[in-house]
Structures are given as structure tokens and as C-alpha cells.
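The structure appears right after this line, and notes come after that.
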Amino acid sequence: MKQIYYLSAVLILGLALTACGSTITTNASNPPERIELSPPTQASQQANSQDLIRSDSQGAIVVDVKPLNLTDPGDTLSFEIGLNTHMIDLSMDLAIMATLTTDNGRTVQAVSWEAPRGGHHVSGMLFFPSSVDGRPVLDGATKLTLTIIDLDAAERDFSWDLPR
């Protein structure tokens, strides 16, 4: 009888591990595994792109952010975002929750969040306008901060020093 009990426990554990990737987090102090952000494209290579990744692990969600085109924004400033959790459904729209602020006082709201809705491991793109009223957002700025509110934490800030 003990063997059947142990075999059942092993099967249930195996199914649980398979259902959510490779590991299950049962304690909030154990962070979930992260989705690797994609390697930089030729157009987005800046210094060392790994140095540009910022992370925040408040609450039950680990958030990784990588700017893709700060030196050559085009029509939008683009950020690759990885969201990882084992406890919360990630079906929210980050465009509603995210703003960019420069050290010289410009603030813009995100215009688009392109990512799958739902699940526990989501990777997507967050876009902001690169200019407001015909003036580049980054013009004259030396620091940029991306703020995301109400993502299982009151506020998450990710900052980058800008090239002069």
C-alpha cells in the first residue's frame, strides 16, 4: 500500500512540474525562472546589450526590461519585456500601466503592448512615442526611467543613463 501511495505522489509531482515549465515555486521567496530576452538585432546593438537589461522582483512577478533603440528610436521607443510568475495570470495590458520619464521633465504614456495575453511566462514588446509635439522625447535628456504601476507592486522603476 505504501508503494502505491509513493508512486501516486511521484506521478502527481511530475505532472505538476510539467504543467508550469520546469519548476514549481511553492514559496514566495523562491523567484520563478526567467524567460531569456532575445539577443539584440543588428539595429539595436548598443554597447553591451546585456548591460541594458534591468530587473525587478517585487511581489510574485519578476520583470526584465531591455530597451532596444535608445540611440536610434525611429517613430517609437521600444522595450522588450519578460514577465515571469507562478502565482498570477499575466493578462494585463502594460501600455495602460507604463510611462517613460526623462531627467529633464518629459513624460510619455506607452502606446502599445504587444504580447500574448495570460499565462505565467510572457514576453512582449512595449512601445512609446519617440516624440511629443514634434520634439524628441530624449532630446537633451541624460537619464530615462520606465515606470510600471500596479503590476503586483505599487511601482516598478527601470532606469538607464543616456549617451551624451
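Quick notes on this structure:
- Residues of the stretch 61-82 satisfying the condition of being modelled with pLDDT of 95 or more and of a type in the set (Gly, Ala, Ser): 78, 82
- Across the stretch 71-90, the number of residues qualifying as closer than 16 Å to residue 162 by Cβ and buried (at least 18 other Cβ atoms within 10 Å of the Cβ) comes to 4.
- Within the stretch 82-101, residues that are closer than 10 Å to residue 126 by Cβ and among the charged types (D, E, K, R) reach no partner that is modelled with pLDDT under 95 and buried (at least 21 other Cβ atoms within 10 Å of the Cβ) with beta carbons closer than 7 Å at six or more positions or on different chains.
- Residues being small (Gly, Ala, Ser) and surrounded by 22 or more Cβ atoms within 10 Å (Cβ to Cβ) - total across the stretch 91-104: 1
- Residue count for the stretch 136-158 satisfying the condition of being over 14 Å from residue 81 (Cα atoms) and either of a type in the set (A, V, I, L, M) or within 18 Å of the chain's Cα centre (by Cα) (or both): 11.
- Selection over the stretch 107-130 of residues that are at pLDDT below 95 and over 18 Å from residue 55 (Cβ atoms) gives a count of 4.
- Residue, farthest from residue 57 (Cα to Cα), within the stretch 113-135, restricted to residues that are more than 12 Å from the chain's Cα centre (by Cα) and surrounded by 15 or more Cβ atoms within 10 Å (Cβ to Cβ): 131
- For the stretch 83-102, the condition of being of a type in the set (Val, Ile, Thr), under 27 Å from residue 134 (Cβ atoms) and at pLDDT below 95 holds for none of the residues.
The values are calculated or read from the model by the stated rules, or taken from the named source; none is laboratory data. What you see is a predicted model, and the numbers here were worked out from it, not measured in a lab. Cβ: placed from backbone, ideal geometry, glycine included. Neighbour counts: every protein chain shown.
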